[in-house]
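To start, the structure itself, in C-alpha cells.
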Amino acid sequence: MLPDCLSAEGELRCRRLLAGATARLRARPASAAVLVPLCSVRGVPALLYTLRSSRLTGRHKGDVSFPGGKCDPADQDVVHTALRETQEELGLAVPEEHVWGLLRPVYDQQKATVVPVLAGVGPLDPQSLRPNLEEVDEVFALPLAHLLQTQNQGYTHFCQRGHFRYTLPVFLHGPHRVWGLTAVITEFALQLLAPGTYQPRLAGLSYPGAEGLAHPQQPLVSPCQASSTSGLNKGL
C-alpha cells in the first residue's frame, strides 16, 4: 500500500530521516545538484522529470533527468544550486522552506559529485510549466504508484569491452525511459518515500554512491548477459 508521503506526517518523517545527512552535505562542496520535485498531479503523488533538449551538446542530450546543473561559485550551497537551476530550466520557483532534505550523492563517470535535493512542490500541472527550450524539450510526471509497480522496474548492465562494469535500475513504460543516474536518484527517493513498499530488484546492486543500501537476496544474472524483458544491456 502506498504511504501518504504528501501528508504533513509523511513530510515530517522524511525531514527527520534526512536531517543529519542534509546538515553534513550542505557543508561540503559538490560539482552539481539536482532537484527531485515531489508533486501532486490531479491529487496523485508523483515525481517531476524533464527531457533534456536534443539541441544540447554532450552525451546526455535527449535523456530524462531531474532539473539541475553545475554548481556556480555564486551559489551558497547545493540547495541553492538546485533551486536556481530549476527556476532557470522550468520557470518553477521553489521556496527553500519546501526543501525536505538531501539524498545520498551520486557520482558521474568523471567522479563528479551530484547531490539530489528532495523538495515538495505541491499541486502541479506539468503542462502549465514553460520550460527553457534551449535546455528542456519536455516536462512530465510519473506517479509514485507507477514507479512502485514491479512490471515498470528493470535494470541495465553496463559493460565495457565485453566486461561487466556495474548495474543500474531503470524505470519503464512511462512517456520516456528513466535510466542512468536519474534512475539511481529515483530509487533513493522511492526507498525514502515508500519504505517497505519499494524493494530494489537485484541483490548487491552496484552503482556509485550506493554503499550501505539494503537489497533483497536475489541473485544477479551473469554480467552483460541479461535475458529479461525489462533488463537492458548498455555498452560504454
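Using r as the Cβ-Cβ distance of Ala74 and Ala23, and R0 as 22 Å, what FRET efficiency do you calculate, to the nearest 0.05? Provide the component values of the computation, followed by the final result.
On the way: r = 22 Å, r/R0 = 1.01.
For Ala74 and Ala23, the calculated efficiency is 0.50.
About its Cα centre, how strong a charge dipole does region 1-140 have in debye, to the nearest 20, once Lys and Arg get +1 and Asp and Glu get -1 at the Cβ? Each step should come with its number before you reach the end.
On the way: 16 positive and 18 negative charges, 106 e Å.
The calculated dipole for region 1-140 is roughly 500 debye.
If r is the Cβ-Cβ distance from Arg55 to His173 and R0 is 25 Å, what FRET efficiency results, to the nearest 0.05? The partial results should precede the final answer.
Details: r = 27 Å, r/R0 = 1.07.
Working from the Cβ atoms, E equals 0.40.
Before I look further, what does region 95-154 give for accessible area per residue, probe 1.4 Å, in whole square angstrom?
On the way: 2810 Å² over 60 residues.
Each residue of region 95-154 exposes 47 Å² on average to a 1.4 Å probe.
With the crude spin-label approximation of a point 7 Å out along Cα→Cβ, what separation in nm comes out for Ala8 versus Gln110?
With each label point 7 Å from Cα toward Cβ, the separation is 4.5 nm.
Ignoring ligands, DNA and RNA, please state the percent of accessible area on region 81-157 from carbon and sulfur, probe 1.4 Å. Walk me through the numbers before you get to the answer.
Details: 1630 of 3310 Å².
That share works out to 49 percent.
May I ask for log10 I(q)/I(0) of region 44-176 at q = 0.15 Å⁻¹, from a Debye sum over the Cα atoms as equal point scatterers with solvent left out?
Those come out to -0.86, one per q.
The values are calculated or read from the model by the stated rules, or taken from the named source; none is laboratory data. All values reported here derive from a predicted model rather than from experimental measurement. Every residue, glycine among them, receives a Cβ derived from its backbone with ideal geometry; neighbour counts consider all protein chains shown. Only protein heavy atoms, including side chains, enter the accessible area calculation; ligands, DNA and RNA are left aside. Shrake-Rupley method; radii C 1.70, N 1.55, O 1.52, S 1.80 Å.
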